[in-house]
Amino acid sequence: MTMHGGAEAGEEIPGILHLDMDAFFASIEVRDDPGLEGLPVVVGGAGARGVVAAASYPARTRGIRSAMPMASARRLAPDLVIVPPRIDHYRQVSAQVMQLLGDVVAETEQISVDEAFLDVRGARRLFGPPEQIAQLLRRRIREELGLPSSVGGSVSRAVAKIASAQAKPDGMLIVPAERTAEFLAPLSVAVISGVGPKAQEALARIGVRTIGQLREIPRSTLARALGPRAPEIAALADGSDRTGLGHRARDRSLGTERTWDEDLTDPDEVRRRITTMADDVARQLRRSGFVARTVVLKLRAPDGTTLTRSSTMDQPTASGERLRSQVIPLWERERPAMPRLRLAGVRVSHLEPGEGAFMQSELTARSAGWQDLETAMDRALERFGSASLGRGSTLSSATDQARRPGTEPGEQDDGPARRLGR
Ligand code: TTP
Ligand code: MG
Ligand code: MG
């Protein structure tokens, strides 16, 4: 159905869009070498320890996913085409995509190398309803950059991101406000960003596998299973979340802390552990695509005395090195007063959307030789392994519904578009 011409007065516009490029690195390689069209193409390290960074959709129908060891990918597709990464090239194309989005929509928030949130509620007059803006963006990216992308739309950024994943590949899915809970109900809780393997396990133990089931759980039970993020996730599940652009980052902090069975007194040991925690927090930041301005150190003595000290930097960062250089002096200062420790923690706050997700910081920041790239991808595998796999399988089942037969790349066609009907 078309919404062109205007919504009813007071109708909530699902104007938070999430645009994500399809099989980004792999699609760029296929565009640049049309002979690869339709083949199982992956970008990644071909060596013994190589990992798949990106897999074309033909590769995905063979079960190949991002972060999978290249050896496994080869087993799944003996005719696999492995293209070595050209990170600088991908970064340039990423900048072109972001520029195009910014040309059309004033309110954009890039969250990784190939995706951004857009708030198009104000662009209605100029460009029409969200569906139309989404199709315009997808068409322009296709025509001007030769690449496929997908868009999800909702009243909430979290739901928009889930919808774009459901729309893939080369599709669009806009979820009207009043259909949100119904759209989410059959989906696995794994599609919620922030519900990782551990949370999934905790939910499975109380019999919750789908978002619909999650909705039925009393809040107190949910709080026990999910901890402090329970209210946020409950709001998402019942369709009442209205988080838009930017909000998330500002409210957020992340960190890690550890309690030891025995008091820690050796300064070298403490320094080593705080360093590890700082690196850990930096990795979490890069993974979620944020940079932080403030770093907080927490210390607890055996008698329970707890103190926190913080330091705010001029420039926000996602570098372990920089967090360390802030947090170690904080500890050195408190050391005389607190020579024995029971607990230490490192936390960052005042988060801002970063230049991109881990991709940019871990793969592209260095003028990557092969070795570096593979090491970085191995680390990506450690961190992203099961989550990427789970998400990937959701995508391939959406493929059949979303693909419209006979649409060739480059055809003047907006591609499949779905709007949940009323
Ligand atoms: P994604 O958007 O997660 O994946 P994608 O664009 O390849 O596929 P989809 O259609 O599902 O969106 O990541 C964007 C790019 O980031 C991807 O093309 C390659 C890179 N990347 C890695 O290098 N390692 C990883 O583990 C992941 C997930 C992505
Ligand atoms: Mg993508
Ligand atoms: Mg992405």
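None of 79, 88 is at pLDDT below 95, more than 13 Å from residue 26 (Cβ to Cβ) and away from ligand 3 (no atom under 14 Å from the Cβ) except 88. Do we have any residue at all in the range 245-254 that's in contact with a strand residue (DSSP E or B) (Cβ under 7 Å, 6 or more places away or on another chain), part of a strand (DSSP E or B) and in the same structural domain as residue 306 (by TED's automatic domain parsing)? Checked the range 245-254: at least one residue is in contact with a strand residue (DSSP E or B) (Cβ under 7 Å, 6 or more places away or on another chain), part of a strand (DSSP E or B) and in the same structural domain as residue 306 (by TED's automatic domain parsing). Near ligand 1 (Cβ under 10 Å from one of its atoms) and among the small types (Gly, Ala, Ser): is that true of residue 53 in this structure? The answer is yes for residue 53. Checking the stated criteria, residue 131 turns out not to satisfy the condition of being away from ligand 1 (no atom under 16 Å from the Cβ), over 12 Å from residue 17 (Cα atoms) and in contact (Cβ under 8 Å) with a residue 40 or more places away in the chain. Is it the case that the range 113-125 has a residue that's away from ligand 3 (no atom under 16 Å from the Cβ), outside the structural domain of residue 192 (by TED's automatic domain parsing) and aromatic (Phe, Trp, Tyr)? So far as the range 113-125 goes, no, none of its residues is away from ligand 3 (no atom under 16 Å from the Cβ), outside the structural domain of residue 192 (by TED's automatic domain parsing) and aromatic (Phe, Trp, Tyr).
Checking each residue in the range 203-221 for being among the hydrophobic types (A, V, I, L, M, F, W, C) and surrounded by 15 or more Cβ atoms within 10 Å (Cβ to Cβ) picks out 203, 208, 211, 214, 217. In summary, residue 113 fulfils each of the numbered conditions (1) surrounded by fewer than 20 Cβ atoms within 10 Å (Cβ to Cβ); (2) among the aliphatic types (A, V, I, L, M); (3) out of contact with any Leu (no Cβ under 7 Å at 6 or more places or on another chain) with the single exception of condition (1).
In summary, residue 193 fulfils each of the numbered conditions (1) surrounded by 24 or more Cβ atoms within 10 Å (Cβ to Cβ); (2) without any contact (Cβ under 8 Å) to a residue 60 or more places away in the chain; (3) within 15 Å of ligand 3 (Cβ to nearest atom); (4) not aromatic (Phe, Trp, Tyr) with the single exception of condition (1). Residues in the range 122-150 that are in contact with an Asp or Glu (Cβ under 8 Å, 6 or more places away or on another chain) and closer than 24 Å to residue 237 by Cα: 150 only.
Across the range 45-72, the number of residues qualifying as closer than 28 Å to residue 144 by Cα, in contact with a helix residue (DSSP H, G or I) (Cβ under 9 Å, 6 or more places away or on another chain) and either away from ligand 3 (no atom under 16 Å from the Cβ) or charged (D, E, K, R) (or both) comes to 4.
Yes/no per residue for (1) assigned to a helix (DSSP H, G or I); (2) among the polar types (S, T, N, Q); (3) within 16 Å of ligand 2 (Cβ to nearest atom):
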{"residue": "63", "(1), (2), (3)": "no, no, no"}
{"residue": "72", "(1), (2), (3)": "yes, yes, no"}
{"residue": "92", "(1), (2), (3)": "yes, yes, no"}
{"residue": "98", "(1), (2), (3)": "yes, no, yes"}
{"residue": "125", "(1), (2), (3)": "yes, no, no"}
{"residue": "132", "(1), (2), (3)": "yes, yes, no"}
{"residue": "141", "(1), (2), (3)": "yes, no, yes"}
{"residue": "153", "(1), (2), (3)": "no, no, no"}
{"residue": "158", "(1), (2), (3)": "yes, no, no"}
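Look at the range 88-117 and say how many of its residues are within 16 Å of ligand 1 (Cβ to nearest atom) and under 21 Å from residue 159 (Cβ atoms).
Of all residues in the range 88-117, those within 16 Å of ligand 1 (Cβ to nearest atom) come to 88-98, 101, 109-117.
Cutting the leftovers down to under 21 Å from residue 159 (Cβ atoms) gives us 101, 109-112, 114-117.
So the count comes out to 9.
The values are calculated or read from the model by the stated rules, or taken from the named source; none is laboratory data. Keep in mind that what you see is a predicted model, and the values were worked out from it rather than measured. As a convention, Cβ positions derive from the backbone with ideal geometry for all residues, glycine included, and neighbour counts pool all protein chains shown.
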